[in-house]
Amino acid sequence: MFLHEEEPEIIKDYELEPFLMKVQALSRTFIDKLFAVCDYYMNGKPTRNSRHLYDIYKLKDYLSFDENFMILVTEVRSHRAQIDAKVAPSARENVEMLAVAKQLIREEFYENDYNESTLKLITDDISYEIVKENYLKIMKMIFGKSH
């Protein structure tokens with residue numbers, strides 16, 4: 001605002017004009033992360049991927065899990081199902097997301113990576129126990145019925 005009022009020529013000289021940018025919606029990012037946790041599990045890749053559990057925990061309070069959200073879950077699954085099955089196996093129609101989520105939690109698949117990597121990157125002290133319980137609760141809410 002200051003430059004606009006006091007020195008508008010700087011804006012023009014340095015090409016600082018406002019511009020439009022397309023970005024992915026927070027709800028879409030959140031849903032992609034739900035699938036990514038299962039994809040990395042199904043592909044046996046825990047390293048540097050436990051961060052998704054933390055992100056899901058932190059993002060959940062900014063979303064409304066309403067009818068529009070559930071429609072988007074279906075759309076995201078459909079879109080991800082078109083990606084190479086080796087990269088995004090969890091979106092396939094024959095995969096029960098909740099069963100995969102329960103299994104990866106039971107196996108503590110991401111625990112070592114979370115404790116050795118993610119915890120060192122975050123500024124708050126959110127334990128693996130908390131993020132895994134949060135993830136399972138969300139997965140039950142979303143995929144407890146068929147999606």
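Things to note:
- Subset of segment 97-107 [surrounded by 13 or more Cβ atoms within 10 Å (Cβ to Cβ) and either more than 18 Å from Glu129 (Cα to Cα) or not charged (D, E, K, R) (or both)]: Met97, Leu98, Val100, Ala101, Gln103, Leu104, Ile105
- Listed by first and then second residue, the pairs linking a residue in segment 17-32 that is β-branched (Val, Ile, Thr) to a residue that is open to solvent by 50 Å² or more (accessible area, probe 1.4 Å), with Cβ atoms under 9 Å apart and 6 or more places separating them unless they lie on different chains, are Ile31/Glu75.
- Residue tally, condition in a helix (DSSP H, G or I) and either of a type in the set (Ser, Thr, Tyr) or farther than 12 Å from Tyr54 by Cα (or both), over segment 92-112: 11
- Within segment 133-147, the set of residues being assigned to a helix (DSSP H, G or I) and either more than 17 Å from the chain's Cα centre (by Cα) or within 25 Å of Thr74 (Cβ to Cβ) (or both) comprises Asn134, Tyr135, Leu136, Lys137, Ile138, Met139, Lys140, Met141, Ile142, Phe143.
- Exclusive hit being part of a helix (DSSP H, G or I) and either open to solvent by 50 Å² or more (accessible area, probe 1.4 Å) or farther than 20 Å from Phe109 by Cβ (or both), set Val76, Val37, Val87, Val23: Val76
- Residues that are among the charged types (D, E, K, R) and outside any helix (DSSP H, G or I) were ranked within segment 47-72; the one that is most open to solvent (accessible area, probe 1.4 Å) is Arg48.
- Yes/no for Lys102 being within 18 Å of the chain's Cα centre (by Cα) and basic (Lys, Arg): yes
- The residue that is nearest to Met139 (Cα to Cα), among those in segment 1-17 that are modelled with pLDDT of 85 or more and open to solvent by 100 Å² or more (accessible area, probe 1.4 Å), is Glu15.
- Ile31 open to solvent by less than 50 Å² (accessible area, probe 1.4 Å) and either over 34 Å from the mean Cα position of the chain (by Cα) or more than 19 Å from Tyr110 (Cβ to Cβ) (or both): no
- Answer residue from segment 115-127, given it is touching a Phe, Trp or Tyr at 6+ places or on another chain (Cβ under 7 Å) and either within 19 Å of Met70 (Cβ to Cβ) or in contact (Cβ under 8 Å) with a residue 40 or more places away in the chain (or both) and is least open to solvent (accessible area, probe 1.4 Å) among those: Thr118
The values are calculated or read from the model by the stated rules, or taken from the named source; none is laboratory data. None of these values were measured; they are calculated from a predicted model. Neighbour counts are summed over all protein chains in view; Cβ atoms, including those assigned to glycine, are modelled from backbone coordinates with ideal geometry. Ligands, DNA and RNA are stripped out before the accessible areas are found, and what is left, the full protein with its side chains, is counted by its heavy atoms. Shrake-Rupley method; radii C 1.70, N 1.55, O 1.52, S 1.80 Å.
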